[in-house]
1. Given the condition assigned to a loop (DSSP other than H, G, I, E, B), at positive phi and open to solvent by 10 Å² or more (accessible area, probe 1.4 Å), answer yes or no: does some residue in the range 213-225 qualify?
2. Might you let me know whether the range 136-148 holds any residue that is exposed (fewer than 15 other Cβ atoms within 10 Å of the Cβ), part of a loop (DSSP other than H, G, I, E, B) and touching a residue at least 12 places away in the same chain (Cβ under 8 Å)?
3. Out of the helices (runs of 4 or more DSSP H) lying entirely within the range 1-113, which hold 1 or more residues that are at pLDDT below 95, of a type in the set (S, T, N, Q) and touching an Asp or Glu at 6+ places or on another chain (Cβ under 7 Å)?
4. Just to be sure I understand the filter: pairs with C-beta atoms under 7 Å, separated by 6 or more residues or on different chains, first member in the range 194-206 and open to solvent by 30 Å² or more (accessible area, probe 1.4 Å) and in a loop (DSSP other than H, G, I, E, B), second member at pLDDT below 95 and of a type in the set (A, V, I, L, M). Which pairs pass?
5. Conditions first: (1) touching a Gly at 6+ places or on another chain (Cβ under 9 Å); (2) at pLDDT below 90. GLY117 passes all but one, so which condition is the exception?
6. Which of (1) over 25 Å from GLY132 (Cα atoms); (2) under 12 Å from the mean Cα position of the chain (by Cα) is the odd one out, the single condition PHE79 does not satisfy?
7. Being under 13 Å from GLU146 (Cβ atoms) and not basic (Lys, Arg) is the filter; apply it to the range 180-193 and report the residue that is least open to solvent (accessible area, probe 1.4 Å).
8. Given the conditions (1) farther than 23 Å from LEU147 by Cβ; (2) open to solvent by less than 60 Å² (accessible area, probe 1.4 Å); (3) of a type in the set (Ser, Thr, Tyr), which single one is not true for TYR70?
Amino acid sequence: MTVTSQLAYADLEALQSAMTGDEKHSAAATSTLDVLWVLYDRVLRVSPATADDPDRDRFLLSKGHGPVSYYAVLAAKGFLDGIDLTAIGTFDSPLGFHPDRNLLPGVEISSGSLGHGLGLAVGVALGLRAQGRTDTHVWVLLGDAELDEGSNHEAIAYAGATGLDNLHVVVVDNASSTHGWPGGIASRFAVNGWATAGVNGRDHDAIYDTFTASHTGRPYAVVANVERKDS
């Protein structure tokens, strides 16, 4: 696993060691670490000090059943100061096995029931555009298997038709989709007018360059490929 922040890696280790059995969702949790780190370290315009700023960028974790890397990155970036990471999943801990926006600073949505994050992101992006916040961006992270949920396809079609270029989707592909995608996942977005790209989901510089590529007038979908054995 390639992680530039030793603090984020240490936080991930602490969280993982505190969990057992199926609670770990190991592949779902660790396959997202690198894209999350690049987003919070180099792309998103949000910090603990600006977590309530209406002009902040928004990040929505739709893949909420594996929040361990998300918690690790939030902790490394100072959002979870004072929260005991090793108490994850215990009765008094705000760190649940799905993230809860009412309990954790910096968390935009409560998620884990798959198939909802992209629709919510479309609504947030539309709202920001209606408010004239043209420099504020919305990012949402999906898993490849999550695209099996039909609600995503309605959101993909609508975002493409309305040219929501403040909307960015990251699909972490660890080959867990049951349906499969002829032509690849990116083609599913491209057919509805999205700009698309693929990237090695472990290469931080490549992730950054891909995330910051221009896509004027169209929403943007990036497929981050992560081999299952490394997940």
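1. Residues of the range 213-225 that are assigned to a loop (DSSP other than H, G, I, E, B), as a first pass: 213-219.
If we keep only those that are at positive phi as well, we get 217.
Add one more test, that the residue is open to solvent by 10 Å² or more (accessible area, probe 1.4 Å), and what stays is 217.
Yes, the range 213-225 contains a residue that is assigned to a loop (DSSP other than H, G, I, E, B), at positive phi and open to solvent by 10 Å² or more (accessible area, probe 1.4 Å).
2. Here is the first cut: in the range 136-148, the residues exposed (fewer than 15 other Cβ atoms within 10 Å of the Cβ) are none.
Among the residues of the range 136-148, not one is exposed (fewer than 15 other Cβ atoms within 10 Å of the Cβ), part of a loop (DSSP other than H, G, I, E, B) and touching a residue at least 12 places away in the same chain (Cβ under 8 Å), which makes the answer no.
3. Working: elements: 6-17, 26-30, 33-38, 68-76.
Hits in the range 1-113: none.
4. From the range 194-206, the pairs are ARG202/VAL226.
5. (2)
6. (2)
7. Let us first name the residues in the range 180-193 that are under 13 Å from GLU146 (Cβ atoms), namely 181, 185, 188.
Keeping just the survivors that are not basic (Lys, Arg) gives 181, 185.
On the way: TRP181: 65, ILE185: 15 Å².
Among them, the one singled out is ILE185.
8. Unmet for TYR70, out of (1) farther than 23 Å from LEU147 by Cβ; (2) open to solvent by less than 60 Å² (accessible area, probe 1.4 Å); (3) of a type in the set (Ser, Thr, Tyr): (1).
The values are calculated or read from the model by the stated rules, or taken from the named source; none is laboratory data. Keep in mind that this is a model prediction, so the values were computed, not measured. Counting neighbours? That spans all protein chains shown, and the Cβs are built from the backbone with ideal geometry, glycine included. We work out accessible area using only protein heavy atoms, side chains counted, and drop any ligands, DNA or RNA first. Shrake-Rupley method; radii C 1.70, N 1.55, O 1.52, S 1.80 Å.
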